[in-house]
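The values are calculated or read from the model by the stated rules, or taken from the named source; none is laboratory data. Source: prediction; values computed, not measured. Neighbour counts are summed over all protein chains in view; Cβ atoms, including those assigned to glycine, are modelled from backbone coordinates with ideal geometry. SASA here: full protein model, heavy atoms, side chains in, ligands and nucleic acids out. Shrake-Rupley method; radii C 1.70, N 1.55, O 1.52, S 1.80 Å.
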Amino acid sequence: MNTNKKFNNSESDDATLDSDFIFLLSELRKRVAASTFKLRPRIDDAFLSKFLRARDGNLDKALKSLRNYYTNVWNNLDFLTGVTSAEFETALNSKFVYYLKHRSNGQRVCLVSIRMWKPTEVPLLQIQHIALFAAEFVAMETLTQRNGASIIFDCKGFSFTHIRHLNTTELHRVIHFILSGVPIKVGEIHFINTLRIMWPLLKICMRMLKEKIRRRVKIHYSLENLHNYIDPSILPKFLGGELEETEAIDQELVDTFVKKNIKYDDLWKFRRLSTTIFQDD
């Protein structure tokens, strides 16, 4: 029997499991149980579904992704558990990371606003946590599991103060974790409003990426060029789009972080919460 058969990876956000998907979940659970992990992996449907959908139902790739996930967790336990609730909430409220309300070709669009990072108030470690948590958070959405996410880095406001607080070792760690550890398909990565002082840093970041990811990186020297990839009808006006900021930014999603009182004090507390984060109180 071909256990890598495809399942219906539709554009719907319906999380209902059909018979093919249930079969694949069962097969993946068996493979996980027969494998050795440094940490005991979760095997509930909500967790395993993320890896299956992100890998289009391919069991071999889903298991490999799951291994990468827990290997990254094991190798970065100090990093993942090093921020208190108060520090995490400060980073969250910095408005460093936004999501657009509307999707682009089915993908979530994440907006990273460099000017909102004030290094003297919010250390790099906290920014790394909020970036990782933001990726983990949307990876719980069924449609995002199926279609992935694209990222826009708005580099307006980048300064020498940012450069002084950047650590290439830490930068490499968080880039590697998000791109190879979080169960999410990475779409295009856009850079806008880049300044000359950023170019050496961008070169360093590019060397950290795998070739297939490097091909998805787009550095735009005008907003019009960005619009060739992301329709301005879903973008805020400050990105040359047609929407007011309140119409374009998914503030409700950000508010969910706070409403659910999500904390990163304890890595395993977060793992337990991740199965119930979108359920009603």
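Beyond a 22 Å Cα-Cα separation, which of these cross-linked pairs lie in this structure: LYS64/LYS101; LYS50/LYS156; LYS95/LYS210; LYS185/LYS212; LYS64/LYS95; LYS95/LYS203?
LYS64/LYS101; LYS50/LYS156; LYS95/LYS210; LYS64/LYS95; LYS95/LYS203
Report the FRET efficiency, 1/(1 + (r/R0)^6), for GLU170 and GLU252, where r is their Cβ-Cβ distance and R0 is 41 Å, rounded to 0.05.
Here the calculated transfer efficiency is 0.85.
Could you state how much accessible area THR169 has, in square angstrom rounded to the nearest 10, with a 1.4 Å probe and all protein chains kept in place?
Ignoring ligands and nucleic acids, THR169 comes out at about 90 Å².
Please give the per residue accessible area of the range 159-223, computed with a probe of 1.4 Å over protein heavy atoms only, in Å².
That works out to 56 Å² for each residue.
Working with all protein chains in place, sort SER233, SER65 by solvent-accessible area computed with a 1.4 Å probe, largest first.
Highest to lowest solvent-accessible surface, that is SER233, SER65.
To two decimal places, what compactness ratio does the range 170-238 give when its Cα radius of gyration is scaled by 2.2 N^0.38 Å?
This ratio for the range 170-238 stands at 1.22.
Ignoring ligands, DNA and RNA, what accessible area per residue does the range 113-153 give at 1.4 Å, in Å²?
25
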